[in-house]
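The values are calculated or read from the model by the stated rules, or taken from the named source; none is laboratory data. In this text, all values refer to a predicted model and were calculated from it rather than measured experimentally. Please note: Cβ atoms are built from the backbone with ideal geometry, for glycine as well, and neighbour counts cover all protein chains shown. Just the protein is used for accessible areas: all its heavy atoms, side chains included, with ligands, DNA and RNA removed. Shrake-Rupley method; radii C 1.70, N 1.55, O 1.52, S 1.80 Å.
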Amino acid sequence: MEQQTLKIETFEESLYRFEVELTGGRYRSAFYLIPEGGGVLIEPGPTANLPSILKGMKHLGLEGLSYIIPTHIHMDHGGGAGKLAGLFPQARVVVHPRGLQHMLDPTRLIAGTKAAYGEDFEALYGPILPVPEGQLTVPNEGESLDIPGRKLQVVYTPGHAPHQIALFDTKTGGLFCGEALGALLPGEEEVILPSVSVQDFNPDLYLETIGKLKRLEPRVLYYSHEGAIREPERVFRRLEETMRLIRRITFEGLKNGETIETIVKRISENLPGLHNTQAHSAYLKETILGCFHYYTRQGLL
Ligand SMILES: [Zn+2]
């Protein structure tokens with residue numbers, strides 16, 4: 001589990017973001033720490049992040065954690081929660097009701113992770129351990145976690161996965177959005193595409209969730225993989241347009257029996273900034289596959 005911490009970013013109201021690079025990893029990983037109230041960790045990431053999390057805590061003079069909050073149970077967000085819960089037995093691990101069972105018994109989660117990342121994912125990302133039942137907290141929609149100096153309001157954000165939550169800091173207007181507000185892809189022009197996990201994706205709920213988060217009027221979006229964005233209006237507008245267009249073209253295409261390649265091409269021709277590069281088309285293929293599974297489950301294809 002070789003790794004290195006790349007950088008530490010400091011935001012207002014004592015919020016710190018740590019970006020971790022795992023050698024050979026498939027994504028950028030970041031976690032957030034709030035030192036107040038005994039230490040709040042948002043997005044623990046995989047178990048392999050542990051040395052960086054301990055380093056980050058030391059940097060802030062933190063000896064323990066009161067909350068460990070993955071936005072959802074996917075390995076790259078919550079895989080390390082079990083290991084951390086064992087190290088910090090006084091910490092509460094916050095989870096959506098649909099994720100609870102998988103935190104207690106990660107057997108199916110591990111099988112899904114192997115399907116997505118390979119049989120030997122543990123060699124790079126570390127194991128996924130269960131969280132002891134006594135440490136789990138399942139907040140209701142809209143419930144707030146009280147931390148000195150701020151309240152973190154829990155918002156259910158299905159679409160990327162049914163077990164996803166976002167956290168809205170009502171004092172600063174910061175929104176920890178997990179993967180509910182798309183992924184920003186590299187390119188000459190800024191491209192925002194929906195963040196899709198093929199088996200869990202629900203394009204209708206994804207769009208509903210974007211609207212729900214927009215109505216909170218956040219001032220800053222704290223992404224789990226891509227950093228912080230201070231012009232949320234732009235993200236909401238572009239992502240809503242993009243999601244509507246992808247959903248329409250994909251559904252029509254699948255209905256008409258078009259190939260994934262044809263659908264990718266049609267989306268690329270209609271979305272500004274999307275030049276059908278390898279990265280963009282790989283992303284779109286996942287989105288179309290996610291839609292295909294969803295519409296098939298719904299009996300619409
Ligand atoms: Zn995910």
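Residue under question is SER52, and the condition is that it be within 26 Å of ALA180 (Cβ to Cβ) and at pLDDT below 95; does it hold? Criteria met by SER52. Going by the structure shown, is THR287 surrounded by 13 or more Cβ atoms within 10 Å (Cβ to Cβ) and either basic (Lys, Arg) or assigned to a helix (DSSP H, G or I) (or both)? So THR287 passes the test. Is it the case that some residue within segment 225-232 is within 19 Å of the chain's Cα centre (by Cα), within 16 Å of the ligand (Cβ to nearest atom) and either closer than 28 Å to LEU33 by Cα or open to solvent by 30 Å² or more (accessible area, probe 1.4 Å) (or both)? Looking for residues that are within 19 Å of the chain's Cα centre (by Cα), within 16 Å of the ligand (Cβ to nearest atom) and either closer than 28 Å to LEU33 by Cα or open to solvent by 30 Å² or more (accessible area, probe 1.4 Å) (or both), one finds at least one in segment 225-232, hence yes. Among the criteria (1) within 16 Å of the ligand (Cβ to nearest atom); (2) touching a Leu at 6+ places or on another chain (Cβ under 8 Å), the one TYR27 does not fulfil is (2). The combined condition, being touching a Ser or Thr at 6+ places or on another chain (Cβ under 9 Å), touching a residue at least 60 places away in the same chain (Cβ under 8 Å) and surrounded by fewer than 22 Cβ atoms within 10 Å (Cβ to Cβ), is not fulfilled by TYR117.
Taking every residue in segment 206-231 that is β-branched (Val, Ile, Thr) and pairing it with any residue that is open to solvent by less than 20 Å² (accessible area, probe 1.4 Å), at least 6 positions away or on another chain, the pairs with Cβ-Cβ distances below 6 Å are THR209/THR157; THR209/GLY159; THR209/ALA180; ILE210/LEU239; VAL220/GLY174; ILE229/LEU221; ILE229/VAL235. Pairing residues of segment 155-174 that are basic (Lys, Arg) with residues that are part of a strand (DSSP E or B), at Cβ distances under 8 Å and at least 6 apart in sequence or on separate chains, gives LYS171/ARG150; LYS171/LYS151.
Rundown of residues vs (1) in contact (Cβ under 8 Å) with a residue 60 or more places away in the chain; (2) open to solvent by 10 Å² or more (accessible area, probe 1.4 Å); (3) over 19 Å from ASP169 (Cβ atoms), yes/no style:
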residue: ARG17; (1), (2), (3): yes, no, no
residue: GLY24; (1), (2), (3): yes, yes, yes
residue: GLY38; (1), (2), (3): no, yes, no
residue: PRO46; (1), (2), (3): yes, no, yes
residue: LEU50; (1), (2), (3): yes, yes, yes
residue: ILE53; (1), (2), (3): no, no, yes
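Do we have THR250 as β-branched (Val, Ile, Thr), out of contact with any strand residue (DSSP E or B) (no Cβ under 6 Å at 6 or more places or on another chain) and buried (at least 21 other Cβ atoms within 10 Å of the Cβ) here? In short, yes. Of all the listed residues (GLY78, GLY126), the sole one being surrounded by 15 or more Cβ atoms within 10 Å (Cβ to Cβ) and more than 16 Å from the ligand (Cβ to nearest atom) is GLY126.
Can you find a residue in segment 184-193 that is open to solvent by less than 20 Å² (accessible area, probe 1.4 Å), at pLDDT below 90, away from the ligand (no atom under 13 Å from the Cβ) and among the hydrophobic types (A, V, I, L, M, F, W, C)?
Applying the first criterion (open to solvent by less than 20 Å² (accessible area, probe 1.4 Å)) to segment 184-193 yields 191-193.
From the residues that got through so far, the ones that are at pLDDT below 90 too are 191-192.
Now restrict to residues that are away from the ligand (no atom under 13 Å from the Cβ): 191-192.
Filter again for among the hydrophobic types (A, V, I, L, M, F, W, C), leaving 191-192.
The answer is yes, given that some residue of segment 184-193 is open to solvent by less than 20 Å² (accessible area, probe 1.4 Å), at pLDDT below 90, away from the ligand (no atom under 13 Å from the Cβ) and among the hydrophobic types (A, V, I, L, M, F, W, C).
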